[in-house]
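*Asks:* For reference, the structure I am asking about is given below.
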């Protein structure tokens, strides 16, 4: 096949469809990054399948020159599980949003994570409903005034990272649409993880929730207001790298860089990752991004096919005769 | 043991053409097992038969109460049998509640065998009885055999290592043994079953075998009965090899066979729901046939995973019952839009909402045909009996793949749990209908929404080089499948999908008329009413009535030629277990016909006698 011979470029992954997101939408940067890392993965286009639900982010598959399935609201994890289980050879990517993935599809998201299906989940979190034009979402902060919360939202939000960890996800990471280098690194790490890889991407909605992440994502403040969790490296942050995080007991605190703890994403318990994910609640602390968790666990579809192989080995490949002419029969 | 000395040889042996027995007891008494064992043994003796299990939704309703009564009716005979029978000839009642709930159904003069060991004051109280029905005249007009089965079982199992509670749980096998004696059936089949069932607890197998043998011997030595009966094998059945089969079993086997004939891997996505769970359980045992079963987190995930698998090149399958159908509606619409083969099996039960989970109904018909947002045509076919499920399942696979469409297969609780002899198909009669995938870019380019002669689109599965394409729920342009919002294109696509499904009429047969092709009344049935309708028509023919019947397997689209057939009868009578849903469909499709609805919505199948009376009253008008 031609594709196997010539290395693919980013351009190979652009479909012929016109991209229809609002000008300035964070989705463009994510699309660009995904197309970029796809080229470097060495997987032929015909072995890749993008699956999505409903929402702005879910238009994503139309713009990828791969196989794709734009499904119904919230159900992409189930569709993707069917695809991956039917054909484990495929590289399956799931694109969803905070409403699609954590509200209407929260149940399916929980279950794909616990099953550890080898699928890469990109959750674009803009903390708002975009496609339905500006209602609050399950990740909107308390008090957010939207079209459906004129006096401010009274719902306590989900933290997507805490959610994923609670579901037993084997890979959990977070990145920011405007932080291109970090996004590509994170996506690549997810791509190389065997099992469900959950990546929350802070994505700015310029129309309905502009600047939601500005406080820590702006280039001017980013280094001081975020901490990049890099497995095996000290938890250091700040423009000059002078600050660090130390976890004493259950309480992380800011220390000088020299006293920073080394970040481990593969501890037996997801406890440390959970503690770090809860930093979001403290405005005085830097917002953690990077890789919260990365552990090995049995993969769902492999176990399914292993049982098929074992059954065939034990009982022989079944035939129609075995199905019909079985049990006790009699002849008239 | 006394079996060897030809027990009961001194008693007169009477031949009977057919018998209807109802086993009734508390839901913890094992009546379903008892009934199934009796059925299985009778099937192997070559009787024709039909069964009707009827049990509460609660796993264990309060013991001894009326809502806790579980029943199993079996009709077996030496002649062709279509239904489990209107009224039992024999009632086995293990406690007062079982007696009082079932006695009204017993034929006048019928035999009732009562376990008096379960008739204490407190037992009567649990059954909400002020007086003892054994002595208050309730049983006058019946032949009553009183037997303290509790005590007999304790005696028979004296010295076993079992607790007294475990001993009492062998009561049903004592009863079964007694009925085996009465109807001259051998014990071997059940003995073997017990050995397999309790392979890990041989002491239980032994105890149940002892209890069964004791029941068998009791018939012989205790002079309970004046004679024994024999029901000869049925020679009216068409020649062939048979096995006893239940509906959900036959659906499962049919779907696996169908997938093999289509040369596809079968992927079931399902969520447990009564009375459909048996399909998930059965298919999970077919891993060596390459069948993938996925127990999803909910009904929606179940159908979505199945649809995802269909995109990836499997035959998608989901099994459920009414409430699950409601939940799957949106995903069915997606399946219509993406045009992939997906079989949706609906084992109907009483509704609305949770309704009567263990009882039967046919009230999902309109939901199946029309129950989705917008114009979302899906073909619907219905099984008419346990054995018919096999053929209908294969037909569902054929239509799904040939037309690249979701299809709904309707069965119901009555078929799902009922059993009958299944004449096994000859393997050479099962003709393959392989569904080819598109292997590469066709000449002139790849168009995901191009059409073949059946208006089916090509099936291009991920993993095929050059055929990368996107599908989804947004309206798509004809041929390219790209997103398209143009008004004319939308109407074109709506009509295209509709025409494709209605075009299935071209590949389905016109059903045969049972009886003369002209007459007063044509009974039109669909689904599980077939047995009762056929029996009723036979009875009416014997009375010289000009009545025929026709049974619909393809309920949507309807087969061609019905208008001509209907036109040869004065009226069309449509009995169904709903408020007249098929009648409504037929009235709208054939407005010139005189269509009479005959509804029954009691969670119970039609009795033959009800249909006979209905027809006679119509003829008398």
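*Asks:* From B:456, B:460, which residue is crowded, with 18+ Cβ neighbours inside 10 Å, modelled with pLDDT of 95 or more, within 14 Å of another protein chain (Cβ to nearest Cβ) and assigned to a loop (DSSP other than H, G, I, E, B)?
*Replies:* On inspection, the qualifying residue turns out to be B:460.
Conditions (1) under 30 Å from residue B:543 (Cα atoms); (2) in a helix (DSSP H, G or I), marked per residue:
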{"residue": "B:494", "(1), (2)": "no, yes"}
{"residue": "B:500", "(1), (2)": "no, yes"}
{"residue": "B:520", "(1), (2)": "yes, no"}
{"residue": "B:532", "(1), (2)": "yes, yes"}
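*Asks:* Sort out for me the helices (runs of 4 or more DSSP H) sitting completely within segment A:1-109 that have 2 or more residues that are in contact (Cβ under 8 Å) with a residue 40 or more places away in the chain and under 16 Å from the mean Cα position of the chain (by Cα).
*Replies:* Qualifying helices (runs of 4 or more DSSP H): A:26-41, A:76-86.
*Asks:* Collect the residues in segment A:247-294 that are part of a strand (DSSP E or B) and more than 26 Å from residue A:184 (Cα to Cα), keeping them in residue-number order.
*Replies:* A:247, A:248, A:251, A:252, A:253, A:254, A:255, A:256
*Asks:* Residue B:317 passes all but one of (1) within 24 Å of residue B:586 (Cβ to Cβ); (2) assigned to a strand (DSSP E or B); (3) more than 18 Å from the chain's Cα centre (by Cα); which number fails?
*Replies:* Of (1) within 24 Å of residue B:586 (Cβ to Cβ); (2) assigned to a strand (DSSP E or B); (3) more than 18 Å from the chain's Cα centre (by Cα), only one is false for residue B:317: (1).
*Asks:* Just wondering, is there one or more residues in segment B:472-488 that are part of a helix (DSSP H, G or I) and either within 11 Å of another protein chain (Cβ to nearest Cβ) or at pLDDT 95 or above (or both)?
*Replies:* Yes, there is a match, as at least one residue in segment B:472-488 is part of a helix (DSSP H, G or I) and either within 11 Å of another protein chain (Cβ to nearest Cβ) or at pLDDT 95 or above (or both).
*Asks:* Here is a follow-up. Got a number for residues in segment A:61-75 being touching a helix residue (DSSP H, G or I) at 6+ places or on another chain (Cβ under 9 Å) and within 7 Å of chain B (Cβ to nearest Cβ)?
*Replies:* Qualifying residue count, segment A:61-75: 9.
*Asks:* Further question on the same structure: Could you check segment B:364-425 for strands (runs of 3 or more DSSP E) lying wholly inside it with 1 or more residues that are over 11 Å from the mean Cα position of the chain (by Cα) and more than 14 Å from every other protein chain (Cβ to nearest Cβ)?
*Replies:* B:380-382, B:406-412
*Asks:* Take residue B:252 and tell me if it is in a strand (DSSP E or B), more than 8 Å from every other protein chain (Cβ to nearest Cβ) and in contact with a helix residue (DSSP H, G or I) (Cβ under 6 Å, 6 or more places away or on another chain).
*Replies:* Considered against the rule, which asks whether it is in a strand (DSSP E or B), more than 8 Å from every other protein chain (Cβ to nearest Cβ) and in contact with a helix residue (DSSP H, G or I) (Cβ under 6 Å, 6 or more places away or on another chain), residue B:252 comes out as no.
*Asks:* Kindly provide the set of residues from segment B:275-295 that are more than 10 Å from chain A (Cβ to nearest Cβ) and either touching a helix residue (DSSP H, G or I) at 6+ places or on another chain (Cβ under 6 Å) or in contact (Cβ under 8 Å) with a residue 12 or more places away in the chain (or both), ordered by number.
*Replies:* B:275, B:276, B:278, B:279, B:280, B:282, B:283, B:295
*Asks:* Yes or no: residue B:57 at pLDDT below 95, surrounded by fewer than 18 Cβ atoms within 10 Å (Cβ to Cβ) and over 25 Å from the mean Cα position of the chain (by Cα)?
*Replies:* No; evaluated as a whole, the condition is false for this residue.
*Asks:* May I pose another question? In this structure, is residue B:191 on the phi < 0 side of the Ramachandran plot, assigned to a helix (DSSP H, G or I) and buried (at least 21 other Cβ atoms within 10 Å of the Cβ)?
*Replies:* no
*Asks:* Next question. Looking at segment B:221-239, can you tell me whether even one residue there is within 14 Å of chain A (Cβ to nearest Cβ) and in contact with a helix residue (DSSP H, G or I) (Cβ under 7 Å, 6 or more places away or on another chain)?
*Replies:* No, segment B:221-239 contains no residue that is within 14 Å of chain A (Cβ to nearest Cβ) and in contact with a helix residue (DSSP H, G or I) (Cβ under 7 Å, 6 or more places away or on another chain).
*Asks:* Quick one: would you say residue B:63 is in the same structural domain as residue B:226 (by TED's automatic domain parsing), in contact with a strand residue (DSSP E or B) (Cβ under 6 Å, 6 or more places away or on another chain) and surrounded by fewer than 19 Cβ atoms within 10 Å (Cβ to Cβ)?
*Replies:* Yes; evaluated as a whole, the condition is true for this residue.
*Asks:* Go through B:202, B:272 for me and flag whichever is over 29 Å from the mean Cα position of the chain (by Cα), without any contact (Cβ under 8 Å) to a residue 24 or more places away in the chain and more than 12 Å from chain A (Cβ to nearest Cβ).
*Replies:* B:202
*Asks:* Then there is this: Please determine whether any residue of segment A:83-101 is within 11 Å of another protein chain (Cβ to nearest Cβ), more than 26 Å from residue B:464 (Cα to Cα) and buried (at least 23 other Cβ atoms within 10 Å of the Cβ).
*Replies:* No, segment A:83-101 contains no residue that is within 11 Å of another protein chain (Cβ to nearest Cβ), more than 26 Å from residue B:464 (Cα to Cα) and buried (at least 23 other Cβ atoms within 10 Å of the Cβ).
*Asks:* With A:244, A:232, A:318 as the choices, which residue is at pLDDT 95 or above, away from chain B (no Cβ under 14 Å) and surrounded by 12 or more Cβ atoms within 10 Å (Cβ to Cβ)?
*Replies:* The unique qualifying residue is A:244.
*Asks:* May I ask you to verify whether residue B:216 is more than 19 Å from residue B:167 (Cα to Cα), in the same structural domain as residue B:157 (by TED's automatic domain parsing) and surrounded by 17 or more Cβ atoms within 10 Å (Cβ to Cβ)?
*Replies:* No: the conditions fail for residue B:216.
*Asks:* Sort out which residues of segment A:295-306 are within 14 Å of chain B (Cβ to nearest Cβ) and either closer than 20 Å to residue A:190 by Cα or exposed (fewer than 14 other Cβ atoms within 10 Å of the Cβ) (or both), and write them in order of number.
*Replies:* Matches in segment A:295-306: A:300, A:301, A:302, A:303, A:306.
*Asks:* Could you please let me know if residue B:614 is in a helix (DSSP H, G or I), surrounded by fewer than 20 Cβ atoms within 10 Å (Cβ to Cβ), in contact (Cβ under 8 Å) with a residue 40 or more places away in the chain and over 23 Å from the mean Cα position of the chain (by Cα)?
*Replies:* Taking the combined requirement at face value, the residue satisfies it.
*Asks:* A further question follows. What are the residues in segment A:149-187 that are touching a strand residue (DSSP E or B) at 6+ places or on another chain (Cβ under 8 Å), more than 25 Å from residue A:36 (Cβ to Cβ) and in a helix (DSSP H, G or I), if any?
*Replies:* A:165
*Asks:* Please go through segment B:534-586 and give me each residue that is under 19 Å from residue B:414 (Cα atoms) and not in a strand (DSSP E or B), ordered by number.
*Replies:* B:534, B:535, B:536, B:553, B:577, B:578, B:579, B:580, B:581, B:582
*Asks:* Which of the residues spanning segment B:227-248 are assigned to a loop (DSSP other than H, G, I, E, B) and surrounded by 20 or more Cβ atoms within 10 Å (Cβ to Cβ)?
*Replies:* B:231, B:234
*Asks:* Report yes if residue B:298 is within 9 Å of chain A (Cβ to nearest Cβ), free of Cβ contacts under 8 Å to residues at least 40 places away in the same chain and surrounded by fewer than 21 Cβ atoms within 10 Å (Cβ to Cβ), otherwise no.
*Replies:* Yes, satisfied.
The values are calculated or read from the model by the stated rules, or taken from the named source; none is laboratory data. This one's a predicted model, so the numbers in the text were calculated from it and none came from an experiment. Positions of Cβ are backbone-derived with ideal geometry, glycine not excepted, and every protein chain shown enters the neighbour counts.
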